[in-house]
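Notes for the one structure printed next.
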Amino acid sequence: MRVVIQENYDKMCKWAANYIAAKINAHKEDRPFVLGLPTGSSPIGVYKELVRMNKAGELSFANVVTFNMDEYVGLPHEHDQSYWYFMHDNLFNHLVDMKPENINILNGMAEDPEAECARYEAKIASYGGIDLFMGGIGVDGHLAFNEPFTSLTSRTGLRALTTETRLVNSRFFGNDAEAVPKFALSVGIGTVTDSKEVLILINGHNKARALAKSVEGSVSQKWTCSALQLHKAAIIACDEDACGELTVDSYKYFLDIEKEERL
Ligand code: GLP
């Protein structure tokens, strides 16, 4: 696993956007580049930078197919806290050449959630899997909506949200935890780790424990993000604030091994 430590949030986002753009631009195959995407506050700066590059003609999304990680159950598209709304508001509406038919987001209003999740997995498989899955994590280390103790081999499915996650996410729902949906549809840990590459953004002091557990702890279903330790090509891009609970030697090790510019 690579851990790329950047000085601050802004630099972390620029690094991640450059990485994604380089991968898309280097993709010369006939089939589309398949990109997995998260919501949350962590990726906002990355989306801004991707939009800038796209508008400047440095990066095209014409041959990109996207799959989002998760969606709340029971929120229609037009609800400003649905992940469908978030993705259009922060990314898709601003891209000059993103094809709407190439955007995939789980339907949290589906009458049959299990069928919706099976359809999603099948659609990912029909593209030959995901080339690069970008993600964020919760303060309890949850990846997508895979809360602690979700199987590390889980596939896309219905997930119950913990009280902690609903409390943390209540900042987007007028600080009312009860207004946060109790369930979500989410790709599984296995869905993410099947991707050819995974890039996780971790920033801020409140994620320091999750970062340390994910990187230095043992692989454990308690910290679902730790499953990435078994992935062949996983990168964590983080800021200095999130490094507060790494041991000094790991922190120095990561800075040392990443000191030469590379992608
Ligand atoms: C939600 C999402 C996750 C996201 C997490 C962290 O719970 N389901 O996919 O990674 O929030 O969000 P933030 O980036 O706002 O800290």
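The values are calculated or read from the model by the stated rules, or taken from the named source; none is laboratory data. These numbers were taken from a predicted model, which means no experiment stands behind them. Ideal geometry is used to build each Cβ from the backbone, glycine not excepted, and the neighbour counts take in all protein chains shown. To get the accessible areas, we keep the full protein, side chains included, count just its heavy atoms, and leave off ligands, DNA and RNA. Shrake-Rupley method; radii C 1.70, N 1.55, O 1.52, S 1.80 Å.
Work from the charge dipole of the range 2-257 (Cβ charges, +1 for Lys and Arg, -1 for Asp and Glu, about the Cα centre) and give the residue of PRO76, ALA26, PRO148 farthest towards its positive end.
Toward the positive end, the furthest listed residue is ALA26.
So with the 1.4 Å probe, I'd like the accessible area per residue for the chain, rounded to whole Å².
Values: 11680 Å² over 263 residues.
Heavy-atom SASA per residue in the chain reads 44 Å².
Please report Rg (one decimal) and Dmax (integer) in Å for the Cα set of the range 2-257.
Rg, Dmax (Cα atoms, Å): 17.2, 51.
Provide the per-residue ³J(HN,Hα) series for the range 33-42, in order, calculated from phi with Karplus coefficients 6.51, -1.76, 1.60 and θ = phi - 60°, each as a whole number of Hz, with x at glycine and proline positions.
For the range 33-42, the Karplus-derived couplings read 7, 9, 10, x, 9, x, 10, x, 6, 4 Hz, x marking Gly and Pro.
Between THR153 and ALA179, with labels modelled 7 Å along Cα→Cβ, what's the label distance in nm to one decimal, could you check?
Output for this residue pair reads 4.2 nm.
Suppose only helical runs count, i.e. DSSP H with n ≥ 4. What mean residue ellipticity at 222 nm does that imply for the chain under -39500 (n - 2.57) per run, divided by all residues and rounded to the nearest 500 deg cm²/dmol?
-9500 deg cm²/dmol
Which far-off residues, 5 or more places away or on another chain, put their amide H under 5 Å from the one on ASN104, with H placed in the peptide plane?
THR66, PHE67, ASN68
So how strong a dipole does the range 112-226 carry about its Cα centre when Lys and Arg Cβ are +1 and Asp and Glu Cβ are -1, to the nearest 20 debye? Write out the running numbers ahead of the final one.
Details: 12 positive and 13 negative charges, 44 e Å.
For this selection, approximately 220 debye.
Please report, as a whole percent, how much of the solvent-accessible surface of the chain comes from carbon and sulfur atoms (probe radius 1.4 Å).
Roughly 52 percent, rounded to a whole number.
Let's test the formula: R0 of 22 Å, r as the Cβ-Cβ distance of LYS123 and SER60. What FRET efficiency results, to the nearest 0.05?
0.50
Would you work out the relative contact order for the range 2-257, in percent, from Cα pairs under 8 angstrom that are 6 or more residues apart?
Value for the range 2-257: 24 percent.
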